[in-house]
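Right, one structure below, let's go through it.
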Amino acid sequence: MTRKAQFAVGSVTLMSTNVGVKIWRNLLRKSWAGALAGVVLLWVIAGLVTGELSWSFLIANATIAGLFALAGTAQMAVLASGSGNIDLSLPYVVTFSAYVMSAGVLGQDNVAGSVLLSVLVGALTGAVNVALIVRLRIPAIVATLASGYILYSLTVSIQNWPSKPVGGMFEAMLRARFAGLTGVLIVAALILAVVGVLLSRTVFGLQFHAMGQNAEVARLAGVRRGWVLLGTFVLAGVLEALLGVLLATYQGGVSADLGRAYLLGSVAAVVIGGTRPTGGVTSVFGTAVGALVLTLAQSDLILLNFGIGTQYVIQGLIVLSTVCLVAARSPDRR
Amino acid sequence: MEGAGRNAQEPQSGNTVISARNLWKSFGNNDVLRDVSLDIRAGEILVLLGPNGAGKSTFLNLVDGTLAPSAGMLLVNGQPVESGQRVGKNSRTPGIQRVFQELSTFPNLTVAENLALTSEHKGAGSRRELVRRARERMKVFPGNRIDVREEVASLSVAERQMVEIARAMTEPDTRVVILDEPTSALSSREADQLADLVMRRAAHGVAVIYVTHKLEEALRLAHRVVVLRDGRLHFDGDAQNLTHDELLSLLGAMVEQHSPVAPMPVGDMSRDILTVDKLSSGRLHEVCIRVSAGEVVGIAGLEGAGQRDFLQAVFSARTRNTGSIHSSTDVAYVSGDRKNEGLLPLWDVEENVAISAAPRFSRAGLVDFRGLKATANDWLSELGLVNRATSPIVNLSGGNQQRALLGRALASEAPLLLLDDPTRGVDVSAKGSIYTILDKLKEKGRSAILYSTELAEFRRCDRVYVMARGHVVAELSGADITEERITQASFMNPGHAATAASREAPWARERLSGDASLAKLLSWRSLPAAFLMLAMFALVFWQQPNAFSTFGLELLFQASLPLAFAVIAQMLFILGGDIDLGLGFSIGLANVLAATYLGDSFAVGVLAFAALIAGYAVLALIVELLGVSSVVATLGASFIWLGIGLTIRATPGGSSPEWLSTLIHIKLWPLPLSCYVLAAVALLGLWICQGWSYSIRLRALGQNRRTYISLGFSALAGRVTLYALAGFFAVLSGLLLTAATGAGNVNVAASFTLATIAAVIVGGASFAGGLVSPIGAVMAVIGISLVTTNLTFLGISSEYSTAIGGLILVLTLSFRSLTRSTAS
């Protein structure tokens, strides 16, 4: 039932319980197989440059990629919900919730309250987006742009409040190391695992994947499209808010540009991770691997003394060549 | 025309225009057309009749060159048409005009533009000439109230059909006109005009092939009647001495006296699970139908008589009681249009079946996959498909796909199934097994409503309602359900010709002139942008009266110049139905290139700009040839623009070439230079969208790429043009930024990407593509930049202008959807 909606937990158990050629064959057929090979390649290149295949280098990159994967997964859900859907409000939700955390809107020490408020705002933004899309029949790209703009100004209004790094238990937990892994990576992985279950094991997930393949078919099969779309955008909004929360706490500082890089990056991670940008197939694990490819590529280029400009060019080429390759191979060209 | 309304005039014995010899056409094992030989002479009106699925459409597709015959020969004007000539983009045989049942006009173009698009003299002549020629052509419907300057989207269905007919009828050098049910949307008056027109054209030597289900029309027009049945030529003869009843029996109906439509004695009402009482909507007129438990009810009639509309209405109203539909049960839908309404193509058979049952197998939010799989497999084994459970559904034959989809409906456990032509395009054995499933279904007490294009299938039904032109015209049961009786009822004419007229009476639209101009203003797509700009101007001058000077205006407008060029670039993308998410960085890159190279070496600078524009052309290739979405492609490109910009200049720097700075500081009177430039860029944009000989085609491409290609135009050339022009405007925007800031900075225009999308939309564009307003977009840019100015005057942080931009966007779109819904 759910082979197309793979996620991290599922594939890990698969790999540990079975051995043999069959696994490899299965693995190669996965949409994210190319991205995973890319990760290995980039790690090896880093090893060749530094003269040591460093585990901590991989973990450091995975930590950044884990945060990236939250944005990527949010964008993935929106992209896969139907062709043409995209969430442009993503960077604004991320930045706003980061400010909610650091400015301590509900009092500096009320960490739980701030997290809750951020998540609520994220969910609300998603709901507003769907209201605009379904009620006013505005295309997703414009609806999310409009709500993002409004959120941006809300961010500006709390920007000048005295902010200070989020401290306490929460920060300590994110920075702590468990079995060599950073706390923030574990938190991100747990969130992604929950999303993976949601998308692959629930009725919502099934109907979501049906809708992404063909919305009219899904409707005739009894799927209430409006509700599934609401679930999708609320999920995306919550993920973006959580990313903002983690960024504000883990990085210790916030800027108005905080979310900007995540808009381009999220789509890039999704595409590289093998999710069909026209809907119907998702892979949380693939998106996470895609995010790791992007981060590793950047780290490698830094190790090789490439400038920031070259890093961007190469990232762009990776994205473009991936989509061209996927499109050239898919039978349903337009 | 003769007094009796019968066109008794003998056709002039014209030359043979089309000659079909032993034509065969098969799709797979299915012979759709068998051994048809037919000569069509110039000046002849040939009425083509036949029940559903008789092969009429296939025959027409062969004649107009859309399809190639499997065997046999087709001579057009005495020349054999080789099938090789027909494949590819130029699929239409010259000299043959066809009016389609589904309208193929572009709704975003005006009537005049639609007529000009396909005409021979392409682009020649001014706008006025275009309108004049269109008015001339529309005169074939005397007294019509169609304004050829209006967009086709604002016309009624009948008016659109009239435009299509006028186009086909007035195309020069036409030898053959094919009319496929041309009067389905027309009122009786327009149908009369059409009849006149057809006869006049025939008298001028044009051959007319006229397909209709309306027998009175056939009798009135035909010189000759051809009847197809089961793909064979069943009758070919002179129309002169044919009567209505003779036509009916040729079509396979049992001829008897018209029996009045008496409603059947009402059975046991308590067992009714669905009652529809006088449902009227769209095509449907006072449809009354009831379905009891354990009953299979047929909905027969000619194609397009309202059967599908009825099924869709019942499905939409499921489990809710809305007005005239009272349904006490859940409903499942099975469509014969598997590709568009049935298959979930990425899933296997089991998953396709299970999706409808998933809500019943949810425990604590999680799906019980084992139970779900078991249910799906139970149904699959009942259908004999269990060995294919894990095959991708797209690998199955049509018949097996259809059985699986039936399984999906059964697995939902809905007591009522809506079967929308479930045996379309499946082979005989699959049909048999689908019938068996239907019988079993009945035994289990479940009900179904069956619509089919094959009459024989209705013999399985307990009762059959026959629909004609949106009405239920007969109810048959038991032994009365025969193909003959259904055919006879299908050709009935309920309400006699008044049907179309009562719905659509375009000339009856009388508006007060004041109302009309207000309506026109409200429907002006750029109204919100114009209002925004004027309101912001008023606010500025109210706060700072001395802004109303050459210098003051210069200050106000200077800021919006680069954005105005950027907005035209984005508009060109949206014109083609695309979006540029990399625009901000490509402008930033142009800015860096100008500040770095242009001052030292003009040639190097120009080359660099040419490379940027070439980059855009490559993007067009990726989008058009590989089908990559423009969002993803331009997003990828944005990384590259940014990267190149940073490589050339990691930190802001460089300088504006002297000539450029001088150029933008030219003093003019009475208005500052920027005013003229803003007006010029808006007009340039307008010229690209309206005045250029290519404009009509570009807008047609943005609206509907498939139809555009089917007309024989190159979508690739169109998209490359749009993208390259957008790149050119991005370069201009970057140049202006260089002049304004005196430096190069790749991040300088990062906010432009989203701001331009917002401005184009506020300015009056639609995302459907092909509908943009350059003047509105530039007004929106000015308005939005004045918002910032006003905020500064009011002492509010200019950062809030973003929120106001967002609000303006939502308000504009709400306003637009409001005026649209009140207008219709």
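Take the alpha carbon atoms of the protein assembly as shown, find their radius of gyration, then divide it by 2.2 N^0.38 Å using N residues; give the quotient.
Numbers: Rg = 32.8 Å, N = 1158, 2.2 N^0.38 = 32.1 Å.
Rg over 2.2 N^0.38 Å, computed on Cα atoms: 1.02.
One decimal place: the segment B:T243-B:E286 gains 12.4 nm when fully extended, by the rule 0.36 nm per residue minus the C-alpha distance. Considering only alpha-carbon pairs that sit under 8 angstrom and 6 or more positions apart, the relative contact order computed for chain A is 34 percent.
Couplings for segment B:280-295, taken from phi via the Karplus curve 6.51 cos²θ - 1.76 cosθ + 1.60 with θ = phi - 60°, read 10, 6, x, 8, 8, 10, 6, 7, 10, 8, 9, 9, 9, 5, x, 10 Hz in order; Gly and Pro are left as x. Between rounded, prolate and oblate, where does chain B land on the alpha carbon gyration tensor, with a ≥ b ≥ c its root eigenvalues, rounded for a/c under 1.5, else prolate if a/b exceeds b/c? The shape class here is prolate. With respect to chain B, whose longest principal axis is taken over its alpha-carbon atoms, helix B:583-593 is tilted by about 30°. Note on A:135-146: average number of Cβ atoms from other chains within 10 Å of each residue's Cβ is 6.
Could you sort the peptides A:258-268, B:184-194 by per-residue average Cβ neighbour count (10 Å cutoff), highest mean leading?
On the way: A:258-268: 24.4, B:184-194: 20.2.
Top to bottom by mean Cβ count within 10 Å: A:258-268, B:184-194.
Once the chain from B:W692 to B:H204 is taken as fully extended at 0.36 nm per residue, the excess over their C-alpha distance is 172.1 nm.
Relative to the longest principal axis of the Cα atoms of chain B, helix B:127-138 runs at roughly 10 degrees.
Between A:S114, A:S89, A:S153, the residue with the greatest mean-square fluctuation in the GNM of chain A (Cα pairs under 10 Å linked by springs) is A:S153. Largest GNM mean-square fluctuation among A:V166, A:V134, A:V195, using chain A with Cα springs under 10 Å: A:V134. Take each residue of peptide B:761-768, count the partner chain Cβ atoms within 10 Å of its Cβ, and average: the result is 2. For B:D348, the residues whose amide H sits under 5 Å from its own are B:I393, ignoring neighbours fewer than 5 places away on the same chain, with H placed 1.01 Å from N.
If neighbour count is taken as other Cβ atoms inside 10 Å, put B:H285, B:H204, B:H234, B:H471 in order from fewest to most.
Working: B:H285 20, B:H204 10, B:H234 17, B:H471 23.
Ordered from fewest to most neighbouring Cβ atoms within 10 Å, B:H285, B:H204, B:H234, B:H471 come out as B:H204, B:H234, B:H285, B:H471.
For segment B:692-807, the pair-distance distribution built from all alpha carbon pairs, in bins 5 Å wide starting at 0, is 2, 9, 14, 18, 18, 14, 10, 7, 4, 2, 1, 0 percent.
Both numbers refer to the Cα atoms of segment B:562-808; Rg and Dmax are 17.8, 58 Å.
One quarter of the surface of the convex hull around the alpha-carbon atoms of segment B:606-676 equals 7.2 nm², the direction-averaged projected area. Computed packing ranks the peptides B:214-220, B:35-41 as B:214-220, B:35-41, most packed first, by mean other Cβ atoms within 10 Å.
Taking a ≥ b ≥ c as the square roots of the eigenvalues of the Cα gyration tensor, an a/c ratio of 1.5 or more together with a/b no larger than b/c marks segment B:513-620 as oblate.
Against the longest principal axis of chain B, how steep is helix B:715-741, in degrees 0 to 90 to the nearest 10, with axes from Cα atoms? For helix B:715-741, the angle is close to 20 degrees.
Please list the three semi-axes, largest first and in whole Å, of the ellipsoid equivalent to segment A:201-298, using sqrt of 5 times the eigenvalues of its alpha carbon gyration tensor.
29, 17, 10
Per-residue mean of foreign Cβ neighbours for B:361-367 is 4 (Cβ atoms of other chains, 10 Å radius). Size descriptors for segment A:251-293, from the alpha-carbon set: Rg then Dmax equal 12.5, 38 Å.
How high is the relative contact order of chain B, in percent, counting Cα pairs under 8 Å that sit 6 or more residues apart? Before the final figure, lay out the partial values.
Values: 1487 pairs, mean separation 104.5, N = 824.
Relative contact order, chain B: 13 percent.
Rounded to the nearest angstrom and listed largest first, the equivalent-ellipsoid semi-axes of segment A:75-187 from its Cα gyration tensor are 30, 19, 10. Our coupling estimate for segment A:141-146, obtained by passing each phi through the Karplus curve with A = 6.51, B = -1.76, C = 1.60 and θ = phi - 60°, is 5, 7, 4, 6, 5, 5 Hz, Gly and Pro reported as x. Amide H to amide H distances under 5 Å link B:R41 with B:V17, where only residues 5 or more positions off or on other chains count and H is placed in the peptide plane.
Per residue, chain A reaches -25000 deg cm²/dmol at 222 nm when only DSSP H runs of four or more residues are counted, each adding -39500 (n - 2.57). Gain on full extension, evaluated as 0.36 nm per residue between B:A535 and B:E443 minus their Cα-Cα distance, stands at 26.0 nm. Look at the dipole of segment B:562-808 built from charges on Cβ: of B:G636, B:A620, B:S714, the Cα furthest out on the positive end belongs to B:S714.
From the Cα gyration tensor of segment B:269-501, with a ≥ b ≥ c the square roots of its eigenvalues, which class applies: rounded if a/c is under 1.5, or else prolate if a/b is larger than b/c, or else oblate? Intermediate results must be reported in sequence, preceding the final value.
Values: a/c = 2.00, a/b = 1.61, b/c = 1.24.
Prolate, since a/c reaches 1.5 and a/b exceeds b/c.
In order along segment B:568-582, the Karplus-derived 3J(HN,Hα) couplings, from 6.51 cos²θ - 1.76 cosθ + 1.60 at θ = phi - 60°, round to 5, 4, 5, 4, 5, 4, 5, 4, x, x, 10, 9, 10, 8, x Hz, and Gly and Pro are given as x.
Percentage of Cα-Cα pair distances in chain A greater than 32 Å, rounded to whole percent? Present the calculation step by step, with values, prior to reporting the outcome.
Numbers: 15662 of 55611 pairs.
For chain A, the share of Cα pairs beyond 32 Å comes to 28 percent.
None of the figures in this text is laboratory data; all of them are computed from the coordinates on show. Because the structure is predicted, anything quoted here is derived from the model rather than measured. Neighbour counts are summed over all protein chains in view; Cβ atoms, including those assigned to glycine, are modelled from backbone coordinates with ideal geometry.
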